[in-house]
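The values are calculated or read from the model by the stated rules, or taken from the named source; none is laboratory data. This is a predicted model, so every value here is computed, not measured. Because the Cβ atoms are built from the backbone with ideal geometry, glycine has one as well, and the counts that use them run over all protein chains shown. Surface accessibility is based on the protein's heavy atoms, side chains included, excluding ligands, DNA and RNA. Shrake-Rupley method; radii C 1.70, N 1.55, O 1.52, S 1.80 Å.
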Amino acid sequence: MTDQQLPSWADPSVSPSDLDAQGVSRRGLLRRAGLFGAAFALGSAATPASAATADAGPLGGDDPRLAYLVGDHHVHSVYSHDAKYTFSQQAKAAATYGLDWMVFNEHSNFGHASYGAKLEHQEILKARAANPRQLIFQGLEWYIPAAEHCTVFAAPGPHEVDLLTRFELAYDGKLLGYTEGSAGATDTARNEAHAVKAIRWLAEQRRTGYVDDVLVLANHPLRLGIDSPHEMRNWRDAAPEIMIGMEGAPGAQGAALPGWRSSTSIRGEYENKPSAQSWAGYPADAYVTYGGFDWATATVGGLWDSMLAEGRLFSITTNSDNHRTVFDTWKNGDWPAGQNFDTTGKLPDPVNTDTPQPGSDFWPGQFSRTHVGVTRYGYRAVMAGLRAGRVWLDHGHLLDGLDVRLKRDHDHGRGVTLGGRLRVRKGEKLTLNVTVTTASRPNSRGILPELAHVDVIRGAVRGPVADRDAWRAPDTKVVRTKDVSGRKGTYTLRIPLTAGDESFYVRLRGSDGNRNGTGYLGASVDPHGPIPHVPGDGDPWADTWFYSNPVFVDVAGA
């Protein structure tokens, strides 16, 4: 696999006058990280941080200098049966909105496995050659047996498309008849076991070197309520180096723009009620989004926190899930006589109508962005950064940059960043340094976003749970809120913390301050968290948030 050409904002040969405001801002962030030019082109691939336990390893911890690459792991094209745009339209849009990396994860079906995956692969190879500044992964949206969907994607290499099609035919729940609405959906034990077997198979392909790397992320986990807590834990435990996390916020963020779809529309198209396959332990409130985020992530002390409280990383992401862009005027083309998706694996190219067409999505990078910390520019570096958990996400281009470092007060060095582990003694004083770079230009809605507050969320680490369906972390809460209204440019918040008797983690969240309320588990846990919008009236641009992955603190002897 060849290394890629640096993006314009990271290339010293590109004049600052040729960059837009955000490109200039990103270049400044890269310089401050000490990775500009050759240092970014030749740096290491940033292998994952060690998963040290509280009883092993030296005190402290340190991470490399990082630059953050912006991406989207959930994009569809005419190679998905229910999408609309050509591969080129999506890639061009991603470049327009500043994405460094993207994953085409087309829906599985027999037409895709037989024809579409190979056809798309040829387009991807041409695109990689034509624009080496853009990192384009090929993936698959896997219909998980007994559950929802996952993004599966591999590092570029000679077997990337073979891996995906072999996996699709052997393990896809839709093709096997193991998903909701299929005849075999009621055989829950068999279906759940097959999902675990699938993830282990992917891990074996990586271990044997058939592919350089492969990752899996659960998509829109609470949209239908059929991803139970025990299933998510089972997937993670089957191969934690492969199954690394879930969408913290789904795509389809334009679904509830006022007056656009219907009076019942919800951001993310979370408009479902429990079905026969839904896990009975989820409350009715789990089926909507909160500030555009999935209930599992948005609830402080909820399902995501219950997994983190086991002391194991489980990352979150956000993405476009782009099928049909809001207010866009293109419609699907007509099939030639005698053809359909099963016979071609590809939809006809779309046709422009000059009239807005139905849709819920934004273009890749237009609204939802996942930022991944790397030490160099390249495919394996992005995958290593995702696996290590060096991830934060934002909506509406709320921030240009975020750097998080946690360190012992008397230590030198940068400290531990997102996804990492800091080893300390009981009672030690710590400092959480949060460096924010505010938005440098208006987003595509014409709004210059302004961050209003940063919340620090802390939770105790208690180890594996006895009840695999537990979705509560009773000791996780918002412990500090910093009002940053009116602050501009780059600034650092220095937040003191103290290590107690037990290991813990901290994570960050913040918003534009437009819509806040008591969190789902009460004011004592989350006094001003994200809240649901009125059905049919959920302007996403007026309610934007950022979230970060956690930093773990292992207390020696705990």
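Results for (1) modelled with pLDDT of 95 or more; (2) of a type outside the set (Phe, Trp, Tyr); (3) assigned to a helix (DSSP H, G or I); (4) open to solvent by 40 Å² or more (accessible area, probe 1.4 Å), shown as yes or no for each residue.
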residue: Ala41; (1), (2), (3), (4): no, yes, yes, no
residue: Asp72; (1), (2), (3), (4): yes, yes, no, no
residue: Val78; (1), (2), (3), (4): yes, yes, no, no
residue: Ala94; (1), (2), (3), (4): yes, yes, yes, no
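Would you say Gly446 is exposed (fewer than 15 other Cβ atoms within 10 Å of the Cβ) and closer than 30 Å to Phe362 by Cα? Yes, satisfied. A Cβ distance below 7 Å, combined with a sequence gap of six or more or placement on separate chains, defines the contacts here; from the range 86-106, residues that are touching a residue at least 40 places away in the same chain (Cβ under 8 Å) reach residues that are open to solvent by 10 Å² or more (accessible area, probe 1.4 Å) and assigned to a helix (DSSP H, G or I) in the pairs Phe87/Glu123; Ala91/Ala127; Gly98/Gln22. Does Val196 meet the test of being open to solvent by 10 Å² or more (accessible area, probe 1.4 Å), part of a helix (DSSP H, G or I), of a type in the set (Val, Ile, Thr) and out of contact with any His (no Cβ under 9 Å at 6 or more places or on another chain)? So Val196 fits the description; yes. Evaluated against (1) surrounded by 17 or more Cβ atoms within 10 Å (Cβ to Cβ); (2) at negative phi; (3) in contact with a Phe, Trp or Tyr (Cβ under 8 Å, 6 or more places away or on another chain), Thr353 falls short on exactly one condition, (1).
Using the structure shown, decide if Thr370 is closer than 30 Å to Asp237 by Cβ, modelled with pLDDT under 95 and surrounded by 14 or more Cβ atoms within 10 Å (Cβ to Cβ).
Taking the combined requirement at face value, the residue does not satisfy it.
Here Asp512 does not qualify as closer than 26 Å to Asp409 by Cβ and open to solvent by 10 Å² or more (accessible area, probe 1.4 Å). Out of Ser265, Ser320, Ser275, one residue alone is assigned to a loop (DSSP other than H, G, I, E, B), at pLDDT below 95 and not acidic (Asp, Glu). It is Ser275. When each of Leu398, Leu422 is tested for being under 20 Å from the mean Cα position of the chain (by Cα) and open to solvent by less than 30 Å² (accessible area, probe 1.4 Å), the lone residue that passes is Leu398. Being within 28 Å of Gly378 (Cβ to Cβ) and either surrounded by fewer than 24 Cβ atoms within 10 Å (Cβ to Cβ) or in contact with a Ser or Thr (Cβ under 9 Å, 6 or more places away or on another chain) (or both) is a property that Gly268 lacks.
Where in the range 370-486 are there strands (runs of 3 or more DSSP E), lying fully within it, with 3 or more residues that are within 14 Å of Asn549 (Cβ to Cβ) and in contact (Cβ under 8 Å) with a residue 60 or more places away in the chain?
On the way: elements: 391-395, 399-408, 421-424, 429-438, 453-460, 477-483.
In the range 370-486, the matching strands (runs of 3 or more DSSP E) lie at 391-395, 399-408.
Filter the range 150-188 down to residues that are assigned to a loop (DSSP other than H, G, I, E, B) and of a type in the set (Asp, Glu) and give me whichever is surrounded by the most Cβ atoms within 10 Å (Cβ to Cβ). Steps first, please.
Filtering the range 150-188 for residues assigned to a loop (DSSP other than H, G, I, E, B) gives 155-159, 172, 177-182, 187.
Remaining after also requiring of a type in the set (Asp, Glu): 172, 180, 187.
Details: Asp172: 26, Glu180: 17, Asp187: 15.
Checked the range 150-188; the qualifying residue surrounded by the most Cβ atoms within 10 Å (Cβ to Cβ) is Asp172.
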